[in-house]
Every structure is written in structure tokens, then in C-alpha cells.
Amino acid sequence: MILVTGATGTVGREVVGLLPAGVGVRVMARDPAGVVGVAAGVERVAGDYGDPGSLARVLRGVRTAFLVTAGVGGGDDAVFVAAARAAGVRRVVKLSAAAVLDGGAGDLITRWQRESEELLRVSGMEWTLLRPRAFMSNCLSWAGSVRGEGVVRALYGEAAHACVDPADVARAAVRVLTEEGHAGRAYTLTGPQALSAVEQTRQLGAVLGVALRFEELGPGQARAALAGRYPPAVVEALLDSALRLKAGAKAGVQDTVSRLTGRPARTFRQWAAAHAASFGALTAAAGPQAGPRAPGAGAAGADAGP
């Protein structure tokens, strides 16, 4: 039995959909009714990291678990690892982040991921770590301004970032979850090329058939925008992450996706084409007559993640 946590999230729902028929699959969610579109035979079970009793029920009979946590700085990983060990789980595949390898990264999010990885290493269970760069799907945060104004706004718009399609992360996860030979390994997952937010804007506009405009955000503007979505400590961690992006720390490309999955990692243009509908119909003001405008200086968005 394979347990998938985070089954309603960006990667987890893709993993559930890609696991092969005939494999026993159980998904954990606070509200199992919210897990929709899964294949017949997939078990949906209520579970919460804050309720160890529920984890014991969820983990009964599970041999392999896909672990996704989002409570930055919290104890969800520790609770899950303890429950998995007690339940006799053989292997845990953890969704981490590529920033753990960056010696210059000391922000809250990266420290939390490093600590979570260490919990698995000393757990006595088999473990595998997936360390993606930020997801291409973070660009969906641009949808409102793209639809309404034909504009993308981001911090450090000219810095290159080897962001990855979350569907490729899911494909890699499925291989690791269903094959032997991955115990004790860590895989860094990137896209096939490093692109700046300026170039992403150009490619997205080409896919949508419009000339999108890029506007550079200053650090203060980025902080204000992020403050509406995240707690203060996470905002500062994301801004610190953006500075590392500006310094070139996230531009390295690896071929891990193709080696694990047997197919090339998808490009940003391919991702944009697959998600064009998410950016909706543009207003007349956002049409082809709105020519591109070069940013003053910079590198990709603060929202890019670790």
C-alpha cells in the first residue's frame, strides 16, 4: 500500500493520478470528500498531522509513503515520521527543496526543510528525498494582472531560474515510489533551462498570442504583495530566497527528471501552453498593442520559492 499525503496539492494530486493501476493507493486529507477525480479503488482516509491517532489509522498497512508538509517551522514532519515508524512503514519519500544544498541559504524555509530531511535520515526507515527547484506553477500568481492589464510584475526580473513543472516532479515521485533502488538517495529536480521572469513573460505572451509587459517590483513592493499571502517570517524567507536568485544560486540545470522518468523535463513554454486557460481571456487594453517594456534591473520573482 502506498500512502499519498498532500493529495489535494500541486504535486500530490498529480502523483495520485499517475500511480499505475493495480497498485494499492491510499490518500490522506483532512476532508477526504475534497479529494476528487481519483481512480476507482483509491482509498480516501481522514488524517491530520495534528492528530497522531488519525495518523495511526491512516498508516495501518502502508509500506511506502509520499510525505508532503507545508507548515513551515512546525512539527508535522516529526509527528508523521514517528507515526510511520511505529506503524511499520518501510520507506518514506519526502518532497523537500533544492535550496537545502545551497550553503548560502539560511532562511526559515530552508532550515525547516533541512531539519525535516534529517528526521528521515535518522528514522531507521528507508528514505528518498526529492528536491525540486520552484514550480513553474508559481507563475499562476500572475494570472490576475495578465488577464486584467497584460502585465507581469515580479522582483529581480532578469535573474535566471531553473524552475520545474510540478507534473515532472510527480512523475519522478511515482518512479521512486514504485521502484526499488532509490533508498538513501536525494534527487535535485530542475527544468531543462534557466529562464528569467522577463523571458517567461515573453514566452507566456507568445503562447497567449499577446505582447505582455513586464514591470519590475522593488523589494518594498514585493514585501507588501507577499504580506497579503504569508506570515511575516515566511515573507522574509521568500525575500531572502529572491536575493539568492538574483545572485545566480538557482540557475543550475540538472538532467535528473529525464534520468528518472525516461522523458525530457518539460519546458516553460510547454507548461504555459498546457495552462493557457488559467490565464483567461485578456481585456482589450491587454491586447497585442501593449508592447513589451524592459525592466530597470533585476531577476525573477520573490514568490519563486527556495
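The values are calculated or read from the model by the stated rules, or taken from the named source; none is laboratory data. As the structure is a prediction and not an experimental result, all values here were calculated from the model. Positions of Cβ are generated from backbone atoms using ideal geometry, with glycine treated the same way; all protein chains shown enter the neighbour counts.
Filtering the stretch 266-281 to residues that are surrounded by fewer than 19 Cβ atoms within 10 Å (Cβ to Cβ) and assigned to a helix (DSSP H, G or I) leaves ARG269, GLN270, ALA273, ALA274, ALA276, ALA277, SER278.
Applying the selection to the stretch 47-70, what residues are in a loop (DSSP other than H, G, I, E, B) and either without any contact (Cβ under 8 Å) to a residue 60 or more places away in the chain or over 26 Å from HIS182 (Cα atoms) (or both)? Those that are in a loop (DSSP other than H, G, I, E, B) and either without any contact (Cβ under 8 Å) to a residue 60 or more places away in the chain or over 26 Å from HIS182 (Cα atoms) (or both): GLY47, ASP48, TYR49, GLY50, ASP51, ARG60. Of all residue pairs spaced 6 or more apart or on separate chains, those with beta-carbon atoms under 7 Å, a first member in the stretch 247-258 that is hydroxyl-bearing (Ser, Thr, Tyr) and a second member that is buried (at least 19 other Cβ atoms within 10 Å of the Cβ) are THR256/TYR187; THR256/THR188; THR256/LEU189; SER258/ALA265. Taking residues in the stretch 192-204 that are within 20 Å of ALA277 (Cα to Cα), and partners anywhere that are in a loop (DSSP other than H, G, I, E, B), the pairs with Cβ atoms closer than 6 Å and at least 6 places apart or on different chains are ALA197/GLY157; ALA197/ALA300; ALA197/GLY301; THR201/LEU212.
Filtering the stretch 163-217 to residues that are of a type in the set (Asp, Glu) and not in a loop (DSSP other than H, G, I, E, B) leaves ASP168, GLU199, GLU215, GLU216.
Is at least one residue of the stretch 122-132 closer than 30 Å to ALA86 by Cα and among the aromatic types (Phe, Trp, Tyr)? Looking through the stretch 122-132, at least one residue is closer than 30 Å to ALA86 by Cα and among the aromatic types (Phe, Trp, Tyr). Checked against (1) within 15 Å of LYS250 (Cα to Cα); (2) touching a strand residue (DSSP E or B) at 6+ places or on another chain (Cβ under 6 Å); (3) crowded, with 24+ Cβ neighbours inside 10 Å, ALA159 meets all criteria but (2). Test of understanding: among ALA154, ALA173, ALA183, which residue is at negative phi, crowded, with 24+ Cβ neighbours inside 10 Å, touching a residue at least 12 places away in the same chain (Cβ under 8 Å) and in the same structural domain as THR69 (by TED's automatic domain parsing)? Of ALA154, ALA173, ALA183, the one residue that is at negative phi, crowded, with 24+ Cβ neighbours inside 10 Å, touching a residue at least 12 places away in the same chain (Cβ under 8 Å) and in the same structural domain as THR69 (by TED's automatic domain parsing) is ALA173.
Identify all residues within the stretch 18-46 that are surrounded by 15 or more Cβ atoms within 10 Å (Cβ to Cβ) and touching a residue at least 40 places away in the same chain (Cβ under 8 Å); write none if there are none. The answer is LEU18, LEU19. In the stretch 100-127, of all residues being aliphatic (A, V, I, L, M) and over 21 Å from ALA173 (Cα atoms), the one that is surrounded by the fewest Cβ atoms within 10 Å (Cβ to Cβ) corresponds to VAL122.
Please go through the stretch 250-265 and pick out each residue that is part of a loop (DSSP other than H, G, I, E, B) and surrounded by fewer than 20 Cβ atoms within 10 Å (Cβ to Cβ). Talk me through it step by step, then tell me what you get.
Looking only at the stretch 250-265, we keep the residues that are part of a loop (DSSP other than H, G, I, E, B), and these are 250-255, 262-265.
Scanning the stretch 250-265 gives ALA251, GLY252, VAL253, GLN254, ASP255, GLY262, ARG263, PRO264.
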